[in-house]
1. Using heavy-atom solvent-accessible surface (probe 1.4 Å) with all chains present, what is the largest-first order of PHE83, PHE89?
2. With every protein chain present, what is the per residue accessible area of the stretch 1-157 (1.4 Å probe, Å²)?
3. By a straight-distance test (C-alpha under 16 Å), which lysines pair with LYS161 as possible cross-link partners, with residues fewer than eight away in the same chain excluded?
4. In a shell of Cβ-Cβ distance under 10 Å around ASP4, excluding ASP4 itself, what net charge do Lys and Arg (+1) and Asp and Glu (-1) give?
5. For the chain, what % of the accessible area comes from carbon and sulfur atoms, probe 1.4 Å?
6. Which of rounded, prolate, oblate describes the chain, given a ≥ b ≥ c as roots of the alpha-carbon gyration tensor eigenvalues and a/c under 1.5 marking rounded, otherwise prolate only if a/b is larger than b/c?
7. Going from most exposed to least, what order do ASP7, ASP129 have by accessible area with a 1.4 Å probe?
Amino acid sequence: MKIDGNDIRPGMVIQHQSRLWRATKIQHTQPGKGGAYAQVELKDLRDGTKLNQRFRSSEKVERAVLQQESYQFLFVDNNRFTFMNSESFEQLELDTTLISVDQKPFLKEGVSVIIESYENQPLGIQLPDTMVFKVMEADAVVKGQTASSSYKPALLENNIKILVPPHIDA
């Protein structure tokens with residue numbers, strides 16, 4: 001489906017230069033001289049390369065439509081991630097390159113994810129918006145920091161360090 005260059009939004013997948021790209025950052029610019037354009041940072045879905053491209057509002061861009069199916073994460077074996085389709089119960093193995101480094105610590109057994117594919121070829125996964133993890137360690141609260149919103153460091157069960165509100169304990 002064709003869209004205008006200024007209708008590109010972060011997270012959209014487009015076809016450009018015979019490749020699939022996901023828009024990561026967009027900045028709309030209107031210079032004093034000439035027409036307005038959108039400066040778009042694109043990331044290739046297959047090899048991860050980045051490209052900065054300008055799209056004018058008059059340009060048409062092909063938006064790619066990805067198939068999204070619900071899968072359940074089962075296990076990791078030899079750098080292969082195994083998922084099970086929630087409806088047909090068939091299993092799918094994804095290579096470690098299709099899952100980003102930021103997503104790997106959040107994959108735990110039984111979590112439901114969305115696997116995005118284009119022309120029956122998997123491109124990546126989407127984690128759920130919210131997940132529940134046990135807090136293993138949390139620093140003590142410093143008294144007197146309640147005038148403004150304060151957070152303290154904590155360590156989750158998957159060894160991720162985050163900031164949590166003061167009332168959260170291990």
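1. Sorted descending by solvent-accessible area, the residues read PHE89, PHE83.
2. I get 65 Å² per residue for this part.
3. Cross-link targets: LYS104, LYS134, LYS152.
4. Spelling it out: positives minus negatives among the neighbours equals +1.
5. 48
6. Oblate shape, in that a/c is at least 1.5 and b/c is the bigger or equal ratio.
7. ASP129, ASP7
The values are calculated or read from the model by the stated rules, or taken from the named source; none is laboratory data. The shown structure was predicted, so the numbers you read here are calculated from the model rather than taken from an experiment. Positions of Cβ are backbone-derived with ideal geometry, glycine not excepted, and every protein chain shown enters the neighbour counts. Calculation scope for accessible area: heavy atoms of the full protein, side chains included, ligands and nucleic acids excluded. Shrake-Rupley method; radii C 1.70, N 1.55, O 1.52, S 1.80 Å.
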